[in-house]
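Participant: I have a structure I would like to understand better, so I am pasting it below and will then ask my questions one at a time.
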Amino acid sequence: MTSLDDFARDKLERLEAQGLRRRMIPTDRFSETGARRGGRDLVSFCCNDYLSLSHHPEVIEAAREATSRYGTGSGGSRLISGNTPLYDELESALARWKQTEDCLVFGSGYLTNVGVIPCLVGKGDLILQDELNHSCLFAGGRMSGATVRVFRHNDLDHARALLREHRAAHGQCLIAVDGVFSMDGDLAPIDALAALAREYDSWLMTDDAHGLGVVGGGRGSSFLGPVKSDVPLQMGTLSKAIGAYGGYLCTSQPVADLIRNRGRSFVYTTGLPPGTIAAAIKALEIIERDPELCARPVANAARFCAALNLAAPESPVVPVILGEANRVMEASAALQQRGYLVTGIRPPTVPDGTARLRVTFSSAHTHAEIDGLVAAMRELGLAG
Ligand SMILES: *Cc1c(COP(=O)(O)O)cnc(C)c1O
(Lines give C-alpha, C1' and ligand atoms only; values in the text may rest on other atoms or scores of the structure.)
Protein backbone atom coordinates (compact mmCIF):
# COMPACT_ATOMS: atom_id res chain seq x y z
CA MET A 1 0.00 0.00 0.00
CA THR A 2 1.24 3.48 -0.84
CA SER A 3 1.39 6.44 1.51
CA LEU A 4 -1.27 8.06 -0.65
CA ASP A 5 -3.76 5.26 -0.05
CA ASP A 6 -2.84 5.23 3.66
CA PHE A 7 -3.52 8.93 3.82
CA ALA A 8 -6.94 8.58 2.18
CA ARG A 9 -7.97 5.58 4.30
CA ASP A 10 -6.97 7.30 7.49
CA LYS A 11 -9.05 10.37 6.64
CA LEU A 12 -12.03 8.22 5.72
CA GLU A 13 -11.82 6.23 8.95
CA ARG A 14 -11.93 9.43 10.93
CA LEU A 15 -15.01 10.59 9.04
CA GLU A 16 -16.66 7.21 9.60
CA ALA A 17 -16.01 7.41 13.34
CA GLN A 18 -17.74 10.80 13.52
CA GLY A 19 -20.74 9.64 11.50
CA LEU A 20 -19.70 12.01 8.72
CA ARG A 21 -18.71 9.63 5.93
CA ARG A 22 -20.86 10.22 2.86
CA ARG A 23 -21.89 7.70 0.28
CA MET A 24 -23.63 8.14 -3.04
CA ILE A 25 -26.63 6.01 -3.78
CA PRO A 26 -27.97 5.58 -7.32
CA THR A 27 -31.30 7.41 -7.39
CA ASP A 28 -33.63 7.01 -10.35
CA ARG A 29 -35.90 10.06 -10.40
CA PHE A 30 -38.44 8.31 -12.55
CA SER A 31 -41.23 10.88 -12.15
CA GLU A 32 -41.85 14.40 -10.88
CA THR A 33 -41.59 13.44 -7.21
CA GLY A 34 -40.75 9.74 -7.44
CA ALA A 35 -37.27 8.38 -6.72
CA ARG A 36 -36.29 4.72 -6.92
CA ARG A 37 -33.51 3.49 -4.66
CA GLY A 38 -32.43 -0.10 -4.33
CA GLY A 39 -35.53 -1.21 -6.25
CA ARG A 40 -37.90 0.73 -3.96
CA ASP A 41 -40.16 3.53 -5.07
CA LEU A 42 -40.02 6.49 -2.72
CA VAL A 43 -41.63 9.92 -2.66
CA SER A 44 -38.76 12.38 -2.71
CA PHE A 45 -38.80 15.34 -0.36
CA CYS A 46 -35.21 16.34 -0.96
CA CYS A 47 -34.96 17.56 -4.56
CA ASN A 48 -34.30 21.19 -5.46
CA ASP A 49 -36.38 20.72 -8.61
CA TYR A 50 -39.04 22.87 -6.92
CA LEU A 51 -41.34 23.15 -9.93
CA SER A 52 -40.58 19.65 -11.23
CA LEU A 53 -39.62 21.29 -14.52
CA SER A 54 -36.87 18.74 -15.12
CA HIS A 55 -39.72 16.36 -15.98
CA HIS A 56 -41.99 18.82 -17.80
CA PRO A 57 -42.87 17.51 -21.28
CA GLU A 58 -42.34 20.91 -22.96
CA VAL A 59 -38.94 21.30 -21.31
CA ILE A 60 -37.85 17.80 -22.30
CA GLU A 61 -39.00 18.42 -25.87
CA ALA A 62 -37.06 21.71 -26.04
CA ALA A 63 -33.90 19.92 -24.91
CA ARG A 64 -34.47 17.14 -27.41
CA GLU A 65 -34.99 19.55 -30.30
CA ALA A 66 -31.90 21.64 -29.47
CA THR A 67 -29.80 18.50 -29.12
CA SER A 68 -30.92 17.25 -32.53
CA ARG A 69 -30.17 20.60 -34.12
CA TYR A 70 -26.92 21.65 -32.38
CA GLY A 71 -25.46 18.37 -31.03
CA THR A 72 -24.85 17.13 -27.51
CA GLY A 73 -21.92 19.39 -26.61
CA SER A 74 -21.03 22.99 -27.31
CA GLY A 75 -17.57 22.20 -28.66
CA GLY A 76 -15.65 25.01 -27.03
CA SER A 77 -15.53 27.86 -24.56
CA ARG A 78 -18.03 30.64 -25.11
CA LEU A 79 -15.35 33.06 -26.33
CA ILE A 80 -14.13 30.59 -28.96
CA SER A 81 -16.87 28.50 -30.62
CA GLY A 82 -19.14 27.35 -27.81
CA ASN A 83 -21.47 30.36 -27.72
CA THR A 84 -24.57 28.82 -29.32
CA PRO A 85 -27.27 31.31 -30.41
CA LEU A 86 -29.44 29.90 -27.60
CA TYR A 87 -27.27 31.72 -25.03
CA ASP A 88 -28.47 35.14 -26.23
CA GLU A 89 -32.06 34.07 -25.89
CA LEU A 90 -31.56 32.73 -22.35
CA GLU A 91 -29.51 35.69 -21.14
CA SER A 92 -32.01 38.24 -22.50
CA ALA A 93 -34.89 36.35 -20.91
CA LEU A 94 -33.13 36.22 -17.52
CA ALA A 95 -32.18 39.91 -17.65
CA ARG A 96 -35.77 40.82 -18.50
CA TRP A 97 -37.18 38.62 -15.71
CA LYS A 98 -34.71 40.02 -13.17
CA GLN A 99 -35.05 43.57 -14.53
CA THR A 100 -31.34 44.10 -15.08
CA GLU A 101 -29.44 45.49 -18.05
CA ASP A 102 -27.49 42.35 -18.67
CA CYS A 103 -26.97 38.74 -17.71
CA LEU A 104 -24.31 36.14 -18.22
CA VAL A 105 -24.68 32.42 -17.94
CA PHE A 106 -21.95 30.21 -16.46
CA GLY A 107 -21.39 26.45 -16.34
CA SER A 108 -22.93 26.16 -12.85
CA GLY A 109 -23.87 28.19 -9.81
CA TYR A 110 -20.62 27.19 -8.14
CA LEU A 111 -18.62 28.39 -11.15
CA THR A 112 -20.57 31.65 -11.09
CA ASN A 113 -19.58 32.50 -7.53
CA VAL A 114 -15.94 31.51 -7.90
CA GLY A 115 -15.79 33.46 -11.18
CA VAL A 116 -17.60 36.64 -10.23
CA ILE A 117 -16.17 37.42 -6.79
CA PRO A 118 -12.45 37.42 -7.71
CA CYS A 119 -13.26 39.72 -10.66
CA LEU A 120 -14.66 42.37 -8.36
CA VAL A 121 -12.50 42.25 -5.24
CA GLY A 122 -8.94 41.21 -4.45
CA LYS A 123 -6.06 41.85 -2.11
CA GLY A 124 -6.66 44.98 -0.04
CA ASP A 125 -10.44 44.72 -0.45
CA LEU A 126 -13.06 43.46 1.99
CA ILE A 127 -15.83 40.86 1.77
CA LEU A 128 -18.59 40.49 4.35
CA GLN A 129 -20.36 37.13 4.37
CA ASP A 130 -23.24 35.73 6.40
CA GLU A 131 -22.03 32.71 8.40
CA LEU A 132 -24.65 30.48 6.76
CA ASN A 133 -23.74 31.41 3.18
CA HIS A 134 -23.34 28.61 0.68
CA SER A 135 -19.90 27.03 0.45
CA CYS A 136 -19.22 28.44 -3.02
CA LEU A 137 -19.62 32.04 -1.87
CA PHE A 138 -16.89 31.33 0.68
CA ALA A 139 -14.81 29.60 -2.00
CA GLY A 140 -15.11 32.66 -4.26
CA GLY A 141 -14.18 34.89 -1.35
CA ARG A 142 -11.06 32.89 -0.54
CA MET A 143 -9.99 32.74 -4.18
CA SER A 144 -10.25 36.53 -4.45
CA GLY A 145 -7.54 37.17 -1.85
CA ALA A 146 -9.70 39.86 -0.22
CA THR A 147 -10.10 39.98 3.57
CA VAL A 148 -13.17 37.95 4.50
CA ARG A 149 -15.20 38.87 7.59
CA VAL A 150 -18.14 36.75 8.64
CA PHE A 151 -21.20 38.11 10.41
CA ARG A 152 -23.67 36.13 12.51
CA HIS A 153 -26.63 34.82 10.57
CA ASN A 154 -28.91 37.67 9.44
CA ASP A 155 -27.45 39.89 12.17
CA LEU A 156 -27.43 43.40 10.70
CA ASP A 157 -25.93 44.93 13.85
CA HIS A 158 -22.97 42.57 13.58
CA ALA A 159 -22.58 43.36 9.87
CA ARG A 160 -22.67 47.08 10.63
CA ALA A 161 -20.13 46.71 13.43
CA LEU A 162 -17.75 44.89 11.08
CA LEU A 163 -18.16 47.60 8.44
CA ARG A 164 -17.56 50.32 10.99
CA GLU A 165 -14.40 48.59 12.14
CA HIS A 166 -12.93 47.41 8.83
CA ARG A 167 -14.45 49.25 5.86
CA ALA A 168 -12.22 52.33 5.94
CA ALA A 169 -8.99 50.33 5.82
CA HIS A 170 -9.98 48.54 2.60
CA GLY A 171 -10.47 49.48 -1.03
CA GLN A 172 -13.65 47.94 -2.42
CA CYS A 173 -16.16 46.09 -0.27
CA LEU A 174 -18.54 43.32 -1.29
CA ILE A 175 -21.39 42.10 0.93
CA ALA A 176 -22.48 38.61 -0.13
CA VAL A 177 -25.48 36.67 1.18
CA ASP A 178 -27.77 33.85 0.18
CA GLY A 179 -31.13 35.46 -0.73
CA VAL A 180 -32.82 32.28 0.49
CA PHE A 181 -30.53 30.29 2.80
CA SER A 182 -30.01 26.88 1.27
CA MET A 183 -30.05 24.72 4.41
CA ASP A 184 -32.40 26.81 6.58
CA GLY A 185 -34.86 28.15 4.04
CA ASP A 186 -35.10 31.59 5.62
CA LEU A 187 -34.60 34.88 3.78
CA ALA A 188 -31.87 37.48 4.06
CA PRO A 189 -33.01 41.00 5.08
CA ILE A 190 -32.14 42.23 1.61
CA ASP A 191 -33.50 45.79 1.74
CA ALA A 192 -31.74 46.46 5.04
CA LEU A 193 -28.50 45.02 3.64
CA ALA A 194 -28.90 47.18 0.53
CA ALA A 195 -29.20 50.26 2.74
CA LEU A 196 -26.13 49.20 4.72
CA ALA A 197 -24.23 48.65 1.47
CA ARG A 198 -25.12 52.16 0.27
CA GLU A 199 -24.12 53.69 3.58
CA TYR A 200 -20.69 52.02 3.53
CA ASP A 201 -20.05 52.29 -0.23
CA SER A 202 -20.22 48.53 -0.64
CA TRP A 203 -21.64 46.26 -3.33
CA LEU A 204 -24.40 43.81 -2.44
CA MET A 205 -24.45 40.37 -4.04
CA THR A 206 -27.24 37.87 -3.47
CA ASP A 207 -27.12 34.16 -4.23
CA ASP A 208 -30.65 33.33 -5.27
CA ALA A 209 -30.19 29.63 -5.99
CA HIS A 210 -33.31 28.85 -3.93
CA GLY A 211 -35.24 32.00 -4.81
CA LEU A 212 -35.74 31.98 -8.56
CA GLY A 213 -39.05 30.40 -9.52
CA VAL A 214 -40.34 30.08 -5.97
CA VAL A 215 -40.29 33.42 -4.11
CA GLY A 216 -41.09 36.99 -5.16
CA GLY A 217 -43.65 35.80 -7.70
CA GLY A 218 -40.99 33.57 -9.27
CA ARG A 219 -38.55 36.46 -9.82
CA GLY A 220 -36.57 35.68 -6.68
CA SER A 221 -35.56 37.28 -3.42
CA SER A 222 -35.05 40.80 -4.82
CA PHE A 223 -38.78 40.94 -5.56
CA LEU A 224 -40.30 40.30 -2.15
CA GLY A 225 -41.31 43.89 -1.44
CA PRO A 226 -43.47 46.37 -3.31
CA VAL A 227 -40.40 47.69 -5.13
CA LYS A 228 -37.45 45.73 -6.45
CA SER A 229 -34.58 45.56 -3.97
CA ASP A 230 -31.42 47.46 -4.83
CA VAL A 231 -29.07 44.53 -5.53
CA PRO A 232 -26.49 45.21 -8.24
CA LEU A 233 -25.32 41.58 -8.34
CA GLN A 234 -28.02 38.88 -8.41
CA MET A 235 -26.63 35.44 -9.08
CA GLY A 236 -28.41 32.12 -9.14
CA THR A 237 -28.50 28.70 -10.64
CA LEU A 238 -30.34 27.02 -13.49
CA SER A 239 -30.15 23.67 -11.69
CA LYS A 240 -32.85 24.11 -9.07
CA ALA A 241 -36.32 25.50 -9.92
CA ILE A 242 -35.25 25.83 -13.57
CA GLY A 243 -34.64 22.08 -13.60
CA ALA A 244 -31.61 22.20 -15.94
CA TYR A 245 -27.97 23.06 -15.21
CA GLY A 246 -25.82 26.18 -15.18
CA GLY A 247 -25.52 29.44 -13.25
CA TYR A 248 -26.19 33.09 -14.00
CA LEU A 249 -25.35 36.60 -12.91
CA CYS A 250 -27.87 39.36 -13.57
CA THR A 251 -26.18 42.74 -13.35
CA SER A 252 -25.38 45.96 -15.20
CA GLN A 253 -23.85 45.92 -18.64
CA PRO A 254 -20.37 47.16 -17.64
CA VAL A 255 -20.09 44.59 -14.86
CA ALA A 256 -21.25 41.81 -17.17
CA ASP A 257 -18.73 42.89 -19.81
CA LEU A 258 -15.91 42.96 -17.28
CA ILE A 259 -16.68 39.42 -16.19
CA ARG A 260 -16.98 38.23 -19.81
CA ASN A 261 -13.40 39.44 -20.16
CA ARG A 262 -11.88 38.51 -16.82
CA GLY A 263 -13.97 35.85 -15.10
CA ARG A 264 -11.75 32.79 -15.14
CA SER A 265 -14.54 30.28 -14.62
CA PHE A 266 -16.38 31.98 -17.48
CA VAL A 267 -13.51 32.27 -19.94
CA TYR A 268 -11.60 29.04 -19.37
CA THR A 269 -14.36 26.49 -19.50
CA THR A 270 -16.57 24.91 -22.13
CA GLY A 271 -20.02 26.30 -22.90
CA LEU A 272 -23.07 24.42 -21.70
CA PRO A 273 -24.63 21.68 -23.83
CA PRO A 274 -27.22 23.29 -26.16
CA GLY A 275 -29.98 20.99 -24.88
CA THR A 276 -29.41 22.29 -21.36
CA ILE A 277 -29.71 25.92 -22.46
CA ALA A 278 -32.87 25.18 -24.43
CA ALA A 279 -34.37 23.44 -21.39
CA ALA A 280 -33.61 26.50 -19.24
CA ILE A 281 -35.21 28.85 -21.79
CA LYS A 282 -38.40 26.79 -21.85
CA ALA A 283 -38.48 26.43 -18.06
CA LEU A 284 -38.15 30.19 -17.60
CA GLU A 285 -40.96 30.72 -20.09
CA ILE A 286 -43.19 28.41 -18.03
CA ILE A 287 -42.25 30.23 -14.81
CA GLU A 288 -43.11 33.59 -16.41
CA ARG A 289 -46.50 32.49 -17.61
CA ASP A 290 -47.59 30.56 -14.50
CA PRO A 291 -47.39 32.48 -11.20
CA GLU A 292 -49.74 29.95 -9.62
CA LEU A 293 -47.19 27.20 -10.25
CA CYS A 294 -44.45 29.32 -8.63
CA ALA A 295 -46.55 29.82 -5.48
CA ARG A 296 -47.23 26.13 -4.96
CA PRO A 297 -43.93 24.90 -3.43
CA VAL A 298 -44.12 27.40 -0.55
CA ALA A 299 -47.83 26.62 -0.10
CA ASN A 300 -46.96 22.93 0.16
CA ALA A 301 -44.21 23.69 2.67
CA ALA A 302 -46.74 25.75 4.66
CA ARG A 303 -49.17 22.81 4.78
CA PHE A 304 -46.41 20.60 6.20
CA CYS A 305 -45.26 23.19 8.75
CA ALA A 306 -48.78 23.93 9.96
CA ALA A 307 -49.47 20.22 10.52
CA LEU A 308 -46.29 19.82 12.59
CA ASN A 309 -46.51 23.15 14.45
CA LEU A 310 -43.34 24.43 12.83
CA ALA A 311 -42.84 28.13 12.07
CA ALA A 312 -44.40 29.22 8.78
CA PRO A 313 -41.86 28.72 5.97
CA GLU A 314 -40.42 31.55 3.88
CA SER A 315 -39.35 29.24 1.05
CA PRO A 316 -39.82 25.60 -0.02
CA VAL A 317 -36.91 24.56 2.25
CA VAL A 318 -37.86 23.38 5.75
CA PRO A 319 -35.11 22.28 8.16
CA VAL A 320 -35.97 19.81 10.91
CA ILE A 321 -32.91 20.12 13.11
CA LEU A 322 -32.11 17.00 15.15
CA GLY A 323 -28.57 17.81 16.28
CA GLU A 324 -26.23 14.85 16.00
CA ALA A 325 -25.21 13.39 12.65
CA ASN A 326 -26.00 9.77 13.57
CA ARG A 327 -29.47 10.65 14.80
CA VAL A 328 -30.25 12.34 11.49
CA MET A 329 -29.02 9.39 9.46
CA GLU A 330 -31.20 7.03 11.53
CA ALA A 331 -34.22 9.27 11.06
CA SER A 332 -33.63 9.42 7.33
CA ALA A 333 -33.37 5.62 7.15
CA ALA A 334 -36.59 5.23 9.15
CA LEU A 335 -38.43 7.59 6.79
CA GLN A 336 -37.11 5.64 3.84
CA GLN A 337 -38.57 2.48 5.41
CA ARG A 338 -41.93 4.26 5.28
CA GLY A 339 -41.52 5.29 1.64
CA TYR A 340 -40.10 8.82 1.91
CA LEU A 341 -36.76 10.06 0.69
CA VAL A 342 -35.50 12.85 2.96
CA THR A 343 -31.72 12.83 3.14
CA GLY A 344 -29.81 13.93 6.21
CA ILE A 345 -27.63 17.02 6.07
CA ARG A 346 -24.54 16.90 8.26
CA PRO A 347 -21.47 19.04 9.02
CA PRO A 348 -19.55 20.57 7.36
CA THR A 349 -22.53 21.45 5.14
CA VAL A 350 -24.22 22.78 8.29
CA PRO A 351 -22.64 23.88 11.61
CA ASP A 352 -21.69 21.24 14.20
CA GLY A 353 -24.60 20.11 16.35
CA THR A 354 -27.22 21.20 13.79
CA ALA A 355 -27.47 18.09 11.62
CA ARG A 356 -30.92 18.02 10.12
CA LEU A 357 -33.48 16.61 7.81
CA ARG A 358 -33.81 19.17 5.03
CA VAL A 359 -37.31 18.76 3.68
CA THR A 360 -37.96 20.42 0.32
CA PHE A 361 -41.29 20.84 -1.40
CA SER A 362 -42.22 20.76 -5.04
CA SER A 363 -45.24 22.10 -6.86
CA ALA A 364 -45.98 18.50 -7.82
CA HIS A 365 -46.34 17.04 -4.32
CA THR A 366 -49.93 16.03 -3.64
CA HIS A 367 -51.67 16.81 -0.37
CA ALA A 368 -51.81 13.06 0.28
CA GLU A 369 -48.02 12.78 -0.11
CA ILE A 370 -47.42 15.71 2.23
CA ASP A 371 -49.87 14.41 4.82
CA GLY A 372 -48.27 10.98 4.58
CA LEU A 373 -44.86 12.45 5.37
CA VAL A 374 -46.36 14.42 8.28
CA ALA A 375 -47.83 11.20 9.72
CA ALA A 376 -44.51 9.35 9.32
CA MET A 377 -42.59 12.14 11.06
CA ARG A 378 -45.05 12.21 13.92
CA GLU A 379 -44.91 8.44 14.30
CA LEU A 380 -41.12 8.63 14.52
CA GLY A 381 -41.25 11.49 17.02
CA LEU A 382 -39.27 13.74 14.67
CA ALA A 383 -41.55 16.76 14.87
CA GLY A 384 -44.99 17.89 15.95
C1 LIG B 1 -26.87 24.86 -5.11
C2 LIG B 1 -26.30 26.16 -4.73
C3 LIG B 1 -25.26 26.73 -5.46
C4 LIG B 1 -24.54 26.00 -6.53
O5 LIG B 1 -25.27 25.93 -7.71
P6 LIG B 1 -24.94 24.75 -8.73
O7 LIG B 1 -25.59 25.22 -10.00
O8 LIG B 1 -25.53 23.52 -8.18
O9 LIG B 1 -23.46 24.70 -8.84
C10 LIG B 1 -24.86 28.00 -5.12
N11 LIG B 1 -25.43 28.66 -4.10
C12 LIG B 1 -26.43 28.14 -3.37
C13 LIG B 1 -27.02 28.93 -2.27
C14 LIG B 1 -26.88 26.87 -3.65
O15 LIG B 1 -27.84 26.34 -2.91
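The values are calculated or read from the model by the stated rules, or taken from the named source; none is laboratory data. In this text the structure is predicted, and so the values were computed from the model without any measurement. Methodologically, a virtual Cβ is constructed for each residue, glycine included, from the backbone with ideal geometry; neighbour enumeration extends over all protein chains shown. Protein only, heavy atoms only, side chains kept; ligands, DNA and RNA dropped before computing areas. Shrake-Rupley method; radii C 1.70, N 1.55, O 1.52, S 1.80 Å.
Participant: Considering only protein heavy atoms, what per residue accessible area in square angstrom results for region 266-345 with a 1.4 angstrom probe?
Facilitator: Per residue, region 266-345 has 41 Å² of solvent-accessible surface.
Participant: Round to a whole number: what % of the accessible area of the chain belongs to carbon and sulfur, probe 1.4 Å?
Facilitator: C and S fraction of accessible area: 51 percent.
Participant: Still on this structure, I have one more. Do me a favour and compute the ellipsoid semi-axes for region 320-368 from its Cα gyration tensor, root of five times each eigenvalue, largest one first, whole Å. Please report the intermediate quantities before stating the final value.
Facilitator: On the way: eigenvalues 93, 34, 9 Å².
Listed largest to smallest, the semi-axes of region 320-368 are 22, 13, 7 Å.
Participant: How much FRET efficiency would the formula 1/(1 + (r/R0)^6) give for Asp10 and Arg152, where r is the Cβ-Cβ distance and R0 is 30 Å, rounded to 0.05?
Facilitator: Numbers: r = 35 Å, r/R0 = 1.15.
It comes to 0.30.
Participant: Quick one: what does P(r) look like for region 254-382 with 10 Å bins over all Cα pairs, in whole %?
Facilitator: Using 10 Å bins, I get a P(r) of 11, 29, 25, 23, 11, 1 for region 254-382.
Participant: For region 116-209, go through all pairs of different Cα atoms, get the mean of 1/r, take its inverse, and jot down that Kirkwood value in Å. Walk me through the intermediate numbers first.
Facilitator: Working: mean 1/r = 0.0777 Å⁻¹.
Value: 12.9 Å, from the Cα pair sum.
Participant: Can you compute the charge dipole magnitude of region 18-164 about its Cα centre, using +1 on each Lys and Arg Cβ and -1 on each Asp and Glu Cβ, nothing else charged? Give it in debye, rounded to the nearest 20.
Facilitator: 800 debye
Participant: Counting only helical runs of four or more DSSP H residues, what would the 222 nm mean residue ellipticity of the chain come to if each run contributes -39,500 (n - 2.57) and the total is spread over all its residues? Don't skip to the end; give the middle numbers.
Facilitator: Details: 13 runs with 158 residues, N = 384.
Theoretical 222 nm ellipticity from helices: -13000 deg cm²/dmol.
Participant: Right, here's the next one. If amide hydrogens are placed 1.01 Å from N in the peptide plane, which non-local residues have theirs closer than 5 Å to the one on Ser31?
Facilitator: none
Participant: With contacts defined as alpha carbon pairs under 8 Å and 6 or more residues apart, what's the relative contact order of region 63-181 in percent?
Facilitator: 22 percent
Participant: Counting only DSSP beta bridges with both residues in the chain, tell me the antiparallel percent, nearest 5.
Facilitator: Antiparallel: roughly 55 percent of the beta bridges in the chain.
Participant: How high is the FRET efficiency between Thr366 and Arg23 when r is their beta carbon distance and R₀ equals 25 Å, given to the nearest 0.05?
Facilitator: 0.25
Participant: Counting alpha carbon pairs within less than 8 Å and at least 6 residues apart, what relative contact order, in whole percent, applies to the chain?
Facilitator: Contact order relative to length: 22 percent.
Participant: Then there is this: With θ set to phi - 60°, apply the Karplus curve 6.51 cos²θ - 1.76 cosθ + 1.60 along region 112-129 and write out the HN-Hα couplings as whole Hz, x wherever there is a Gly or Pro.
Facilitator: Running phi through 6.51 cos²θ - 1.76 cosθ + 1.60 with θ = phi - 60° gives 5, 5, 6, x, 6, 4, x, 6, 9, 9, x, 3, x, 9, 10, 10, 9, 10 Hz.
Participant: Residue by residue through region 174-187, which ³J(HN,Hα) values in whole Hz follow from phi under the Karplus form 6.51 cos²θ - 1.76 cosθ + 1.60 (θ = phi - 60°), with glycine and proline marked x?
Facilitator: Computed from phi, the couplings for region 174-187 are 10, 10, 10, 9, 5, x, 10, 6, 5, 9, 10, x, 8, 9 Hz.
Participant: Enumerate the calculated ³J(HN,Hα) couplings along region 34-39 in order (Karplus 6.51 cos²θ - 1.76 cosθ + 1.60, θ = phi - 60°), each rounded to whole Hz, writing x wherever the residue is Gly or Pro.
Facilitator: Listing the rounded values in order: x, 9, 9, 10, x, x Hz.
Participant: Moving on. So how compact is region 49-157: Cα radius of gyration and Dmax in angstrom?
Facilitator: Rg then Dmax for region 49-157, in Å: 18.0, 54.
Participant: About the Cα centre of the chain, how large is the charge dipole given +1 on each Lys and Arg Cβ and -1 on each Asp and Glu Cβ? Please answer in debye to the nearest 20. Could you put the intermediate results ahead of the total?
Facilitator: On the way: 39 positive and 44 negative charges, 133 e Å.
Result for the chain is approximately 640 debye, rounded to the nearest 20.
Participant: Using only alpha carbon positions, build the gyration tensor of the chain, then give the equivalent ellipsoid semi-axes as the square roots of 5 times its eigenvalues, largest first, whole angstrom.
Facilitator: Rounded to whole Å, the semi-axes are 31, 27, 23.
Participant: On average, how much accessible surface per residue is there in region 52-186, in Å², for a 1.4 Å probe, leaving out ligands, DNA and RNA?
Facilitator: Result: 43 Å² of accessible area for each residue.
Participant: In what sequence, largest accessible area first, do Met205, Met143 appear using a 1.4 Å probe?
Facilitator: Met143, Met205
Participant: Within straight cross-link reach of Lys98, meaning Cα distance under 18 Å, which lysines are found once same-chain residues fewer than 8 apart are removed?
Facilitator: Lys228, Lys240, Lys282
Participant: Oh, and also: Pull up all non-local amide H partners of Ser77: gap of 5 or more, or a different chain, and H-to-H distance under 5 Å with H placed in the peptide plane.
Facilitator: Counting only residues 5 or more places away or on other chains, the set is Gly82, Gly271.
Participant: Moving to a separate point now. How big is region 118-277 in terms of Cα radius of gyration and Dmax, in angstroms?
Facilitator: Calculated on Cα positions, Rg and Dmax stand at 15.4, 49 Å.
Participant: Using alpha carbon centroids, what distance separates region 314-339 and region 155-216, in Å?
Facilitator: 29 Å
Participant: Can you list residues whose amide H is under 5 Å from Tyr340's amide H, if they're 5+ apart or on another chain and H is modeled 1.01 Å from N?
Facilitator: Val43
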